[in-house]
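Step one of this worksheet: look at the structure below.
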Amino acid sequence: MRSSKKQYENVAKRCSSYAKTTTSELSNCVDCNCTSCLNCDHFAPDEHCVLDLYDSIAKNL
């Protein structure tokens, strides 16, 4: 994980393109109800934002 869980939550809360994933993999997840990059459709499995928004948002926190 490149950032802390809290950092991913803070970035996702400020992201206008956040799109909560609806995959069945998350159905048993404890943290599924939180807003986080980790459960965003635009967050790749190798932990980067495919829209390239993460860094600009994180820099302004």
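The values are calculated or read from the model by the stated rules, or taken from the named source; none is laboratory data. What you see is a predicted model; the values in this text were computed from it and never measured. With ideal geometry, Cβ positions are generated from the backbone for all residues, glycine too; neighbour counts draw on all protein chains shown. Areas reflect the complete protein model, heavy atoms only, side chains present, ligands, DNA and RNA absent. Shrake-Rupley method; radii C 1.70, N 1.55, O 1.52, S 1.80 Å.
For this structure, a couple of remarks:
- Per-region count, segment 35-59, residues acidic (Asp, Glu) and over 15 Å from residue 2 (Cα atoms): 1
- Those residues of segment 30-41 which are in a loop (DSSP other than H, G, I, E, B) and open to solvent by 50 Å² or more (accessible area, probe 1.4 Å), in sequence order: 30, 31, 33, 41
- Those residues of segment 6-38 which are under 20 Å from residue 61 (Cα atoms) and either modelled with pLDDT under 90 or among the polar types (S, T, N, Q) (or both), in sequence order: 7, 10, 16, 17, 34, 35, 36
- Looking only at segment 47-60, and only at residues there that are assigned to a loop (DSSP other than H, G, I, E, B) and modelled with pLDDT of 90 or more, the one that is least open to solvent (accessible area, probe 1.4 Å): 53
- Beta carbons closer than 8 Å, at least 6 apart along the sequence or on distinct chains, pair a first residue in segment 7-23 that is over 16 Å from residue 44 (Cα atoms) and free of Cβ contacts under 8 Å to residues at least 24 places away in the same chain with a second that is open to solvent by 30 Å² or more (accessible area, probe 1.4 Å) and in a loop (DSSP other than H, G, I, E, B) for 13/35.
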